[in-house]
Amino acid sequence: MTYQIKKAAVLGSGVMGSGIAAHLANIGIPVLLLDIVPGKLTEEEATKGLTLEDGIVRNKIAAGALQKLVKQKPAPLTKKSNLSLIEAGNFEDDLDKLKEVDWIIEVIVENLDVKKGLYEKIDAVRKPGTIITSNTSGISIEAMAAGRSEDFQKHFMGTHFFNPPRYLKLLEIIPASTTAPEVIEFMTRFGEDTLGKGVVIAKDTPNFIANRIGTYGLLITLREMEKRGYSIGEVDSVTGTLIGRPTSATFRTLDVVGLDTFMHVAKNVYDKTEGEEQKVFELPPFMKKMIDNGWIGAKAKQGFYLKK
Ligand code: NAD
């Protein structure tokens with residue numbers, strides 16, 4: 001079988017989903033961008049007399065992501081900002097449209113059960129031969145593929161983009177034992193030639209390569225900061241502008257990633273390790289408190305920094 005990606009679907013329009021959709025549109029690939037319908041109305045919507053059935057409410061997460069995207073510049077390697085190629089919708093009303101796409105990329109919350117629940121629905125509507133990939137930061141690809149149809153398993157793997165996906169060049173490709181070699185080969189070539197990425201094939205181990213060492217490094221840095229009394233500004237300066245990086249590799253990065261997502265990603269390794277190794281992957285108490293308070297980073301406009 002020869003593969004070609006004429007249209008893609010991005011499932012999840014959060015931090016990463018919206019950025020990946022923008023990258024694809026800038027390359028010239030039409031994208032269907034779907035997310036969940038909110039479970040209840042905000043006070044403002046209720047006051048306006050809107051209902052959960054109202055189109056504005058049903059598509060607001062994806063629509064919100066689109067608004068954010070208007071401000072995002074395309075990376076130099078892509079042609080131009082081409083947001084008209086993105087069609088926004090929601091899982092409940094628009095899942096059937098997945099029949100029209102050649103590549104489905106799942107970019108929802110980092111939780112195995114939630115992701116598996118969505119794959120079951122995708123498997124029931126997709127056309128055979130559609131490539132399905134997950135942007136998971138480190139959940140087992142094998143576990144995500146388990147229980148799905150043979151055709152799904154043959155066409156399923158991890159494609160792990162880095163944040164922001166329009167700019168960062170690395171793409172980890174993580175095959176499962178069931179992924180067909182020709183599909184791995186196709187995605188690798190597509191990743192390099194069309195997406196403009198530097199592809200690394202990673203083994204299906206917790207957090208793969210970049211996040212295994214990246215999460216480890218960040219957590220050690222947080223502990224050293226507390227132990228030695230360094231300030232957030234000091235750490236960010238020496239891991240950022242002072243050493244010549246355009247932005248910090250520590251707290252500003254955590255704000256961009258999202259502290260809630262970072263918590264899930266650290267847990268991927270925590271759950272699969274023990275003893276001294278496991279201790280490193282436990283979140284420091286101050287970070288757990290920040291998450292409890294909803295200070296989860298740029299997307300909440302409050303993390304280590306305030307976002308205006
Ligand atoms: P996010 O919190 O910004 O967005 C997650 C999206 O998932 C939201 O739009 C939400 O509405 C949707 N969602 C939540 N619950 C859902 C459900 N039950 N069913 C369907 N959709 C649901 O998260 P993100 O940072 O975009 O991360 C998405 C994925 O990408 C995760 O697997 C994460 O580990 C991975 N990732 C994140 C980063 C990063 O820097 N944030 C980098 C690489 C990979």
For the chain, what is Rg from Cα atoms divided by 2.2 N^0.38 Å, rounded to two decimals?
1.01
Which of the aspartates and glutamates could a cross-linker span from Lys169 if the Cα-Cα distance has to be under 16 Å and same-chain partners fewer than 8 positions apart are dropped?
Glu192, Asp193
Fewest first, what order do Leu85, Leu34, Leu171, Leu112 take by the number of other Cβ atoms within 10 Å?
Leu112, Leu85, Leu171, Leu34
Running a GNM on the chain with Cα contacts under 10 Å, which residue among Thr188, Thr241, Thr215 ends up with the highest mean-square fluctuation?
Thr241
Name the lysines eligible as straight-distance cross-link partners of Lys68: C-alpha to C-alpha under 20 Å, and not fewer than 8 places from it in the same chain.
Lys60, Lys79, Lys80, Lys299, Lys301, Lys307, Lys308
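Quick one: work out the % antiparallel among DSSP beta bridges in the chain, nearest 5.
If I count the DSSP bridges inside the chain, around 25 percent turn out antiparallel.
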Here D for the range 243-284, in µm²/s, from Stokes-Einstein with a Kirkwood Rh over Cα pairs at 25 °C and 0.890 mPa s, works out to 212 µm²/s
For Gly258, the residues 5 or more places away or on another chain with a placed amide H closer than 5 Å to its own amide H are Ala298
Under a GNM of the chain (C-alpha, springs under 10 Å), which listed residue has the highest mean-square fluctuation: Lys279, Lys227, Lys288?
Lys227
So if I take the centroid of the Cα atoms in the range 83-136 and the same for the range 1-49, what is the distance between those two points in Å?
10 Å
Please list, in order along the range 147-161, the HN-Hα scalar couplings obtained from phi with the Karplus expression 6.51 cos²θ - 1.76 cosθ + 1.60 (θ = phi - 60°), rounded to whole Hz, x for Gly and Pro.
x, 8, 5, 4, 5, 4, 4, 5, 9, 10, 6, x, 10, 9, 8
Summing +1 per Lys or Arg and -1 per Asp or Glu among the other residues with Cβ less than 11 Å from Ile296's Cβ gives -1
For Leu11, what is the net charge nearby, where nearby means another residue's Cβ is under 12 Å from its Cβ and Lys, Arg count +1, Asp, Glu -1?
+1
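FYI, it's all coordinate maths here, none of it is from the lab. Bear in mind the structure is a predicted one, so any value in this text is a computation, not a measurement. A quick note on method: Cβ atoms are made from the backbone with ideal geometry, for glycine too, and the neighbour counts reach across all protein chains shown.
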